[in-house]
Amino acid sequence: MRDIKELINKTVIETPPSGIRKFFDLAAEMDDVVSLGVGEPDFVTPWHIREVGITSLEKGKTHYTSNAGIKELRVELSKYMKRRFKVEYDPLSEIIVTVGGSEAIDLFIRTVVNPGDEVLVPEPSFVCYKPIVNFAGGMAVPIETKVENEFRLTAEELKQAITPKTKVLILPYPNNPTGGIMRREDLEEIAEVLRGTDILVLSDEIYAELTYEGQHVSIAEIDGMYERTVIVSGFSKCYAMTGWRLGYACGNKEIIRMMTKVHQFAIMSAPTLAQHAAIEALRNGDDDIAVMREEYDRRRRVIVKGFNDMGLTCFEPKGAFYAFPCIKSTGLTSEEFCEQLLMSEKVAVVPGNAFGESGEGFIRCSYAYSVEDINRALKAIERFIKKVK
Amino acid sequence: MEKEILIQELVKIIHKNCKLSVEEIATMLNTTTVAVAELIDELEKDGTIKGYGAKINWDNVKGSNTVTAYIELKVTPQMTNGFDRIAERIYQFPQVTSLNLMSGSYDFGVTIEGDNLKEISLFVSQHLAPMESVISTATHFVLKRYKNDGVIYAGLPEDDREAIS
Ligand SMILES: Cc1ncc(COP(=O)(O)O)c(C=O)c1O
């Protein structure tokens, strides 16, 4: 038999592993690591939500659900989207429940991208978009966003990147890893560029609930954007439900119908247990979100001040739970910084370039940690930069 | 922030962790250290903040074998000052660590700490039961503490997230 490697799909072989993964492996071999590296809430899923999950098992709810998800859940999602973001989706035809926001992203891209299509990916951003576009035979085209714009996508940057082959714009805000958000006026400018085109928008709004100044605005709310936008989101971040693996997509009927077709063959249905728990989350979880958001907000202030005080300039993140300080003043690259920091102080953070070239010179520090942990890590980072400077 | 809300947030924070510095609290609440220091001063003076103590799991402290009991007390309230006068006579005892007037089938809930069961039983029979207005007592000993003052003692979930994800 031939070398197994030769039998594997070329695109899969050639796609580099996630830059997060590399540090993950390094940190995993060390003991007593103080970490600001994790992209998931430190909170445990609120008890009333877990309890509904447990009860669903006790009642024997252990079968598949309909492909698009339990109807009751889609009805709750529809109400939620209207209540929180003023966008309306028909529960029966415009919403699909998926295995995390991750599957929703994958489904959308596989559903709309033809080989050769270009997909615009503002960077720095979450690591999955580019590989998924590659797997679908598309071309991911990065757009470098800039710290001086607080990592917002500008109309000018968007215009520059559009070609006749552009099929999709991915809009990853509130942003992992920068914490940047798009305000209504920023979205209006983006909409102005898109209006005359056939470009679809994949708006990854998984951190929408974790916005610290004013309310999150979805691009679907902006004139002329609703029809072309699919919103993907999930329960992982706002309800601290990462391990339940539950997300969803809302958007145009035709796109959702075709996404459901792909989902039907690839997945069948999202976890039944998680769907029951999610109904409870949407019905009675608004207060949980408020409490967690408030706690993140306090930690956010502590970490941003900590970095600025030690001389690593850090713009104020307005969403998600990451700070993205600039480490250029140390003369180290992002990877050198992270590796040396891990080796000398046993503190794990993620190099900014793991999220795209334009993240070079920055590090991603999660504040999904207690204030005590954050302070411990900040002290160690301060010791470290005194040594290298 | 409105002062009333600021106070609510401040006391929530220090109730959870009184080791935080004034600077840290000020950053968390998006206000100045002077404002936080003044507020704390004010709250200490007006008796809102009654002290600063760590939350201890005594079961883990070697050599400490404190026994805790919860006592339901039924009384006949006195004409003047009702329950308050009786309460005063109960909470003066250093053994009494908490005292609450309750609704329902008994009047006072008294928490008592002692070195052993016998000491507590004697305290109840010698000091509480004979009090003029006391009709009856029912003593319950604490066998195991699962959660106290918002803190879970047993089987705390650890941070099982990987160092990076
Ligand atoms: C921006 C962004 N989108 C999507 C996801 C996927 O989340 P999940 O699949 O848990 O819903 C993540 C997770 O880190 C993320 O950061």
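Under 5 Å between amide hydrogens, built in the peptide plane, is the criterion, and for B:Y153 it picks out B:K147, B:N148 among residues at least 5 positions away or on other chains. The residue list B:H15, B:A35, B:I25 was ranked by how far each Cα lies along the charge dipole of the range B:3-45 toward its positive end, using unit charges on Cβ atoms, and B:H15 comes out on top.
Here the spin labels are modelled as points 7 Å beyond Cα on the Cα-Cβ line, and at A:K61 and A:A380 they lie 4.1 nm apart. Just check the range A:187-328 against the gyration tensor rule for me: Cα atoms, a ≥ b ≥ c as the square roots of the eigenvalues, rounded for a/c under 1.5, and otherwise prolate or oblate depending on whether a/b exceeds b/c. In terms of gyration-tensor shape, oblate. For a paramagnetic label modelled on B:H140 (point 7 Å from Cα along Cα→Cβ), amide N atoms under 18 Å away belong, within the range B:50-90, to B:67-75.
Label-to-label distance, B:K147 versus A:L7, with points set 7 angstrom from Cα along the beta-carbon direction: 5.4 nm. At a threshold of 8 angstrom on Cα-Cα distance, excluding pairs fewer than six apart, so keeping six or more, what relative contact order does the range A:244-350 reach in percent? Relative contact order of the range A:244-350: 13 percent.
Remark: the range B:3-45 carries a charge dipole of roughly 180 debye about the Cα centre, counting +1 on each Lys and Arg Cβ and -1 on each Asp and Glu Cβ.
Gain on full extension, evaluated as 0.36 nm per residue between B:E88 and B:D115 minus their Cα-Cα distance, stands at 7.4 nm. Of the residues A:T98, A:P131, A:G251, the one whose Cα sits farthest toward the positive end of the charge dipole of the range A:47-284, with +1 on the Cβ of Lys and Arg and -1 on the Cβ of Asp and Glu, is A:T98. Over chain B, all Cα pairs binned in 10 Å intervals from 0 give whole-percent P(r) values of 8, 26, 24, 26, 12, 3, 0, listed from short to long.
Per-residue shielding of A:27-39, expressed as the average number of other chain Cβ atoms within 10 Å of the residue Cβ, stands at 3. The protection proxy used here, the mean number of other Cβ atoms lying within 10 Å of each residue, ranks peptides A:48-59, A:205-216, A:177-188 as follows, highest first: A:177-188, A:205-216, A:48-59.
For B:T97, the residues 5 or more places off, or on other chains, whose built amide H falls under 5 Å of its own are B:T111, B:I112, B:E113.
For A:S35, the residues whose modelled amide H falls within less than 5 Å of its own, excluding neighbours fewer than 5 places apart on the same chain, are A:A348. Loop-located GluC sites (Glu not before Pro) in the range B:1-108 (DSSP state other than H, G, I, E, B) with a sparse environment of at most 12 neighbouring Cβ atoms within 10 Å: B:E2. Excluding the site residues themselves, the longest part of chain B lacking any trypsin sites (Lys or Arg not before Pro) in a DSSP loop with at most 13 other Cβ atoms within 10 Å is B:63-143. Axis angle, to the nearest 10 degrees, between helix B:82-91 and the longest C-alpha principal axis of chain B: 80 degrees. DSSP finds beta bridges in the range A:47-284, and of those with both partners inside it, around 35 percent are antiparallel.
Between A:E14 and A:M268, what length in nm is gained on full extension when 0.36 nm per residue of separation is reduced by their alpha carbon distance?
88.5 nm
Please tell me the relative contact order of chain A in percent, rounded to the nearest whole number, where contacts are Cα pairs under 8 Å and at least six residues apart. So the answer I get is 24 percent. Using only Cα positions of the range A:1-81, each an equal point scatterer, no hydration layer, compute I(q)/I(0) via Debye at q = 0.12, 0.14, 0.16, 0.25 Å⁻¹ and quote the log10 values to two decimals. For the range A:1-81, the Cα-only Debye profile gives -0.84, -0.95, -0.96, -1.23.
Its Cα gyration tensor gives the range A:47-284 an equivalent ellipsoid; the semi-axes, largest first and in whole Å, are 30, 19, 15.
Find out how many positive minus negative residues lie around A:T65, taking Lys and Arg as positive, Asp and Glu as negative, among other residues whose Cβ is under 15 Å from that of A:T65. Within the 15 Å Cβ shell, the charges total +2.
Annotation for the range B:127-149 versus the range B:1-77: alpha-carbon center distance of 26 Å. Taking 17 Å as the cut-off, the amide N atoms of the range A:192-215 that come nearer than this to a point 7 Å along the Cα-to-beta-carbon line of A:D223 belong to A:192-197.
Within the straight-line cut-off of under 16 Å between alpha carbons, the lysines reachable from A:K167 are A:K130, A:K159, sequence neighbours fewer than 8 places apart in one chain being disregarded.
Divided by 2.2 N^0.38 Å, where N counts the residues, the Cα radius of gyration of the range A:69-174 comes to 1.22. The relative contact order of chain B, computed from alpha carbon pairs under 8 Å that lie at least 6 residues apart in sequence, is 20 percent.
If you put +1 on each Lys and Arg Cβ and -1 on each Asp and Glu Cβ, how big is the dipole of the protein assembly as shown around its Cα centre, in Debye rounded to 20? Dipole of the protein assembly as shown, to the nearest 20 debye: 900 debye.
Remark: spin-label model distance A:S93-B:V34 equals 6.3 nm, labels positioned 7 Å along the Cα→Cβ axis. Shown here: the range A:10-139, whose C-alpha atoms stretch 46, 43, 32 Å along the first, second and third principal axes, sorted largest to smallest. Enter the Cα centre distance for the pair the range A:182-248 and the range A:85-108, rounded to the nearest angstrom. Each part reduced to its Cα centre gives a spacing of 12 Å.
Over the residues of the protein assembly as shown, compute the C-alpha Rg and express it relative to 2.2 N^0.38 Å.
1.17
Positive end of the dipole of the protein assembly as shown (Cβ unit charges, origin at the Cα centre): among A:N67, B:I5, A:S236, the Cα lying farthest that way belongs to A:N67.
Two-decimal Rg/Rh of the range B:3-45 from alpha-carbon positions, Kirkwood Rh?
Radius of gyration over Kirkwood radius for the range B:3-45 works out to 0.90.
In a DSSP loop and with at most 12 other Cβ atoms within 10 Å, the chymotrypsin sites (Phe, Trp or Tyr not before Pro) in the range B:116-160 are B:Y146.
Computed from the coordinates by the stated procedures, all read-outs in this text should not be read as laboratory data. The structure displayed is predicted, hence computed values, not measured ones. Because the Cβ atoms are built from the backbone with ideal geometry, glycine has one as well, and the counts that use them run over all protein chains shown.
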